[in-house]
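A.B. asks: One structure, as structure tokens, below. Some questions next.
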Amino acid sequence: MRASIRTGDGSWSHLREHLLGSEQERMAYLLARATRWADHSGSPVLDLLVTRVVLVPDSGLSHQSAVSVVPEASVTRELLIACYETGLSLIDVHSHPFATDHVSFSGHDVANMRETHRDFLMRMPADPPIGVASLVLGRESVAGAFTDPRSGALLPLHSLTVLGEHLQAVTLCQN
């Protein structure tokens, strides 16, 4: 399976401004409408169209440093309830402000994604389709991963597109 995220240019600019506006790691969540289909070769595709950006204020973090960030449990709980009630998918995003032209998920990030993505998929209804993904932003770079809802495998994100007057395909770093 391949997965893609699409977001508006205003949302993308606002997200980047928040996440990269500090020397400390920061967080945000993107709520997205998921669709699934088969591409021309029959391979499954998961498309996540961002409908809402939720910037987590520094006061909504239980831990924040230059190399790690943890949201308050109440913030996460609210978002999970909103996703469950509306059938939206969840994309968690955080910054690595120390990274410049190549960013990657840390070992801790990967372990956390394996657990939180699996938990999200187990708790959400199967209909409408849902997905779960993560992004990490460096100063001039982005990396992404998602969990295949069918196999449970954590995989690299295929594409990130910023929609606006001109489409912008964001180059994703591969680990």
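A.B. asks: Using a Förster distance of 35 Å, how high is the FRET efficiency between ARG77 and ARG6, based on the Cβ-Cβ distance and rounded to 0.05?
C.D. replies: 0.85
A.B. asks: Collect residues whose amide H, placed 1.01 Å from N in the peptide plane, falls under 5 Å from the amide H of GLN24; neighbours closer than 5 in sequence don't count.
C.D. replies: Hits under the 5 Å cutoff: none.
A.B. asks: For a Förster distance of 35 Å, can you work out the FRET efficiency between the beta-carbons of ARG139 and THR51, rounded to the nearest 0.05?
C.D. replies: 0.85
A.B. asks: Using 0.36 nm per residue, how much length does the chain from ASN112 to GLN174 gain when fully extended, once their Cα-Cα distance is taken away?
C.D. replies: Between ASN112 and GLN174, full extension yields an extra 20.5 nm.
A.B. asks: Continuing with the same structure: Give me the one-decimal nm value for the distance between modelled label points at VAL70 and THR35, 7 Å along each residue's Cα-to-Cβ direction.
C.D. replies: Calculated label separation equals 4.0 nm.
A.B. asks: Sticking with this structure for a sec: Which helices, counted as full DSSP H runs in the chain, have an axial Cα extent of no less than 18 Å and a Kyte-Doolittle average of -1.0 or above?
C.D. replies: Answer set is 73-86.
A.B. asks: Give me the distance in nm between label points sitting 7 Å out from Cα along the Cα-to-Cβ direction at THR161 and SER22, one decimal.
C.D. replies: 3.3
A.B. asks: Test of understanding: ordering LEU155, LEU135, LEU61 by Cβ neighbours within 10 Å, fewest first, what list do you get?
C.D. replies: LEU155, LEU61, LEU135
A.B. asks: Which ³J(HN,Hα) values, rounded to whole Hz and listed in residue order, are derived for segment 59-69 from phi using the Karplus coefficients 6.51, -1.76 and 1.60 in 6.51 cos²θ - 1.76 cosθ + 1.60 with θ = phi - 60°, glycine and proline given as x?
C.D. replies: Result, ordered by residue: 5, x, 10, 7, 8, 8, 8, 5, 10, 7, 8 Hz.
A.B. asks: Among (1) 19; (2) 39; (3) 53, only one was calculated for this model; which label is it, if the read-out is percent of Cα pairs over 27 Å apart?
C.D. replies: For percent of Cα pairs over 27 Å apart, the calculated option is (1).
A.B. asks: Would you mind computing, in nm to one decimal, how far apart the modelled labels at ALA153 and PHE98 are, each placed 7 Å from Cα along Cα→Cβ?
C.D. replies: In this crude label model, ALA153 to PHE98 measures out at 3.2 nm.
A.B. asks: Residue by residue through segment 134-145, what is 3J(HN,Hα) from phi via Karplus (6.51 cos²θ - 1.76 cosθ + 1.60, θ = phi - 60°)? Round to whole Hz and write x for glycine and proline.
C.D. replies: Rounded to whole hertz, the list is 9, 10, 10, 10, x, 4, 9, 7, 9, 10, x, 8.
A.B. asks: Using Cβ contacts closer than 10 Å as the measure, can you line up SER134, SER62, SER141, SER95 from fewest to most?
C.D. replies: Ranking SER134, SER62, SER141, SER95 by Cβ neighbours within 10 Å, fewest first, gives SER62, SER141, SER134, SER95.
Laboratory data are not the source of any read-out in this text; all were calculated from the coordinates shown. Since we're looking at a predicted model, the values are computed, not measured. Using ideal geometry, Cβ is built from the backbone for each residue, glycine included, and neighbour counts are taken over all protein chains shown.
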